Amino acid sequence: MSFIYVMNKEGILLLIRRLTATFGGLRDRTLTLSDGLNIIQAPNEAGKSTWCAFLLSMLYGINSRERDRAGFIADKNRYAPWSGAAMSGRMDCLVNGRELTLTRTTRRQTAPLGEFQAVYAGTGDAVPNLTGTACGETLLGVSREVLERSAFIRQSGLPVSQDPGLERRIAALITSGEEDVSYTEAADALKKQLNRRRHNKTGLLPTLEAEQAETVRQIGEAEALEAQLLTARAEAEQLEAQVAELSGQLEQLDRWEAAQANRELEEAQARAAEAETQAQTLRQLLQSQRIPENDTIGRLRGAIVNLATVRKSVDKARAERDEAMKQLLKAEATVAESPFAGQSPDSARKEAASPPTPAGWRKGPGLALITLGTLTAFILFYVTGTALSGSPWQKPAALAVLLAILGITYFLAGRLRRRAIQEARSTALMKRFGTADVSAITALADTYCKLYEARDAAQAEVNAKTATADALYASLTSNEQAILLEVRRFAPSAFDLAAADQLLRGCAVRRRELAEAEAAAKEAALRRDLLARQAPAAPETDVPAPAVRDREVLTARLAAAQARSADARSAADHLAGRLHAAGDPVVLRSAQADLEQRTAELEAEYDALALAMEVLDEANTDLRSRFSPALGRRTAEIFSALTGGRYDAVVLDRSFRLSAQPSGAHVYRDAGFLSAGTADQLYLAVRLAICDLVLPPETKAPLVLDDALSNFDDLRCEAALRYLKEASKQRQILLFTCHSREAAFFAGDREVSIQRLTDRGEEV
């Protein structure tokens, strides 16, 4: 008997024996399970939720396409082994009395647990028709989504949410038993079809309506373009006629101007001959009078002008020379007034530094003092010797007195001499310099030296100015004679510069007259040649004058008419192109009729889909009304058992929103108004009821609870445990908890398997 045959005919009874995982924080960890109720106690972060996720992954695999997003981590990243090893797992289980070993390994990092194998224990034979993709649904009879909303209960996932799989399972229970129908999927399909046809301003109907409006607009635009095109073509033809008329007027003006040009050419030829004759006559006259060329006249007149400049320079140089002579005379007079006049600067400085001693100083008083002193000395020498006669001090005393008197006499005589010399010198200095102060005399000498140098500089300036004036005058004289000699060659009457300049002016006038005559002759010849080139080969005669003789006016009118004609033709072509692009009105009307037919068909489909949506809603309401009471009654029974009879009725709406009725009351309380613990008990009751009503009874799918009793108080926790023990007689139950009260409640109960895990995942 094959495995699939047992599943289809007798059902599948799944019993998990052992789990071995390298998954998230679990590294080669093993969890052994028993029949009935298994209580696995472990502290936080010991791996309870990881074991639950591992069990689900072993049955259904991991979605490798899932990606991380805000507030959510994909399972392939969340449960990647912390050790860096490849994710792998093994589950030993009993299926319909036969031991199976399921393994999942990772060959590619992008597909964790992607390699699946199912073999019979002992033999190693592969289980036929059991694949990794369909493993969970084959063994349990429900999809992963249904299992997660029924028998797989987490603390954070107690409330029940809608799911197409769960809806199909419920529909199968209360209708035909087929699980290929879901209200949500059917409603979504109908809604997509309705939205495809009309959703606000989008969809097929709005698109067709827009196309109809656009077609109507195009028809109107095409008709308007036809009228505009007729008008534009009429205007273009009118402007082309105006262009032809203006072109004829311009051609007549050309013929008339050609005749006029021929007459102007004849007149120009006559004027050119006359101008050439006049120029030739003047040319011969100037040659006979030996009138120089313009460059010679210009050069000589420039030289005369330069002579005037040189003459001014000569006058200026002479004036500067005279001024320098005046300064020289002033400097010589100042030098002559100095006491040192006639001396050189060095001699004056020497005399000021050491004035000579005068020879006429008074010597009489000094000689008289010497004579008197000498007599007095010898007299006192004699008197002293007489007075000290016979004494040993006679001679020394007399000699000392003699020498003392003589010394005093000569000392006083020297002072008288120096004073006499000084008085004589002061008198001489006052007489010569007007002062006896040596520093003042030195200052007079310094002043004299400066004046002496200034006089020499003035003399040099006079010499330089005199030489400059003489050189300029010589240049002026020689240039003036040269100019007069050259002018007398063709004007012998020029004896001075004024007459020469006047004659040169007359020559310049004659040359200018000749140049003007030659220029006029040249201009006349050029105009004659130009008119000859422009004149027509065979000009017409007797051409009538046109009405408009202004070529610019005619040309401007023709250009404006041509521009308007081109614009009109371009506008007509543009309108023709637009009309062609807009399409044939007949074709557009046919397209409009087709669009109206398609719109009518889509509107009929839309009405049919809307009616189908209404019928589907009514059918879903009928199904809910048939399923909800049964689910509510079973939920109420379980909820009453969990709360000790505190609540006796439960109501579920279409979106699985719960309300409970307390015993003896007549008002239902929404789950949002219940305490957190009571709400968890209510959600646990509906989950257990869904397991009883929705899960296939023949598969006996295991029930997994991850800290689902955390918010229960002790009494209600005991009631829940008693219920779970009773339910474990029908299916295997795994209760993961972080509390010790569950294990304490079943202490000594051999029918309940209790094991404790440390924070490292080891059993104790």
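So that you can scan it fast, the table gives a plain yes or no per residue for (1) at pLDDT 75 or above; (2) surrounded by fewer than 12 Cβ atoms within 10 Å (Cβ to Cβ):
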residue	(1), (2)
Gln534	no, no
Leu554	no, no
Ala561	yes, no
Arg569	yes, no
His574	yes, no
Ala581	no, yes
Taking segment 384-401 and keeping only residues that are modelled with pLDDT of 75 or more and either of a type in the set (A, V, I, L, M, F, W, C) or touching a Cys at 6+ places or on another chain (Cβ under 8 Å) (or both), one is left with Leu399, Ala400
When segment 44-61 is checked residue by residue, the ones that are at pLDDT below 90 and either touching a Cys at 6+ places or on another chain (Cβ under 6 Å) or assigned to a loop (DSSP other than H, G, I, E, B) (or both) are Asn44, Glu45, Ala46, Gly47
Counting only residues in segment 113-138 that are among the hydrophobic types (A, V, I, L, M, F, W, C) and outside any strand (DSSP E or B), the one nearest to Glu99 (Cα to Cα) is identified as Ala121
Those residues of segment 55-83 that are more than 18 Å from Cys135 (Cα to Cα), in contact (Cβ under 8 Å) with a residue 12 or more places away in the chain and aliphatic (A, V, I, L, M) come to a total of 1
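Identify, from the list Ala743, Ala747, the residue that is under 25 Å from Arg29 (Cα atoms) and out of contact with any Leu (no Cβ under 8 Å at 6 or more places or on another chain).
Exactly one of Ala743, Ala747 is under 25 Å from Arg29 (Cα atoms) and out of contact with any Leu (no Cβ under 8 Å at 6 or more places or on another chain), namely Ala743.
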Of the listed residues (Val146, Val181), the one being at pLDDT below 85, surrounded by fewer than 17 Cβ atoms within 10 Å (Cβ to Cβ) and of a type in the set (A, V, I, L, M) is Val181
Checked against (1) over 22 Å from Arg18 (Cα atoms); (2) surrounded by 21 or more Cβ atoms within 10 Å (Cβ to Cβ); (3) of a type in the set (D, E, K, R); (4) more than 51 Å from the chain's Cα centre (by Cα), Arg104 satisfies every condition except (1)
Restricting segment 458-509 to residues that are closer than 30 Å to Ala275 by Cα, in a helix (DSSP H, G or I) and out of contact with any helix residue (DSSP H, G or I) (no Cβ under 6 Å at 6 or more places or on another chain), the one modelled with the highest pLDDT turns out to be Val509
Regarding segment 229-243, can at least one residue be identified that is modelled with pLDDT under 80 and under 30 Å from Ala517 (Cα atoms)?
no
For segment 59-81, the count of residues that are over 11 Å from Phe23 (Cα atoms) and over 42 Å from the mean Cα position of the chain (by Cα) equals 6
Query raised in the report: Is there a residue in segment 99-112 that is closer than 23 Å to Val752 by Cα and outside any loop (DSSP other than H, G, I, E, B)?
Result: yes
Taking segment 681-724 and keeping residues among the acidic types (Asp, Glu), over 14 Å from Leu147 (Cα atoms) and part of a helix (DSSP H, G or I) leaves Asp714, Glu718
Quiz item: In this structure, is Ser57 of a type in the set (S, T, N, Q), farther than 19 Å from Ala118 by Cβ and either buried (at least 22 other Cβ atoms within 10 Å of the Cβ) or in contact with a helix residue (DSSP H, G or I) (Cβ under 7 Å, 6 or more places away or on another chain) (or both)?
Solution: no
Would you say Asn38 is outside any helix (DSSP H, G or I) and at pLDDT 90 or above?
yes
By residue number, the members of segment 107-121 that are closer than 14 Å to Val95 by Cβ and either surrounded by 15 or more Cβ atoms within 10 Å (Cβ to Cβ) or free of Cβ contacts under 8 Å to residues at least 24 places away in the same chain (or both) are Ala118, Val119, Tyr120
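The values are calculated or read from the model by the stated rules, or taken from the named source; none is laboratory data. Predicted model, so just to flag it, every value in this text is computed and none were measured. Methodologically, a virtual Cβ is constructed for each residue, glycine included, from the backbone with ideal geometry; neighbour enumeration extends over all protein chains shown.
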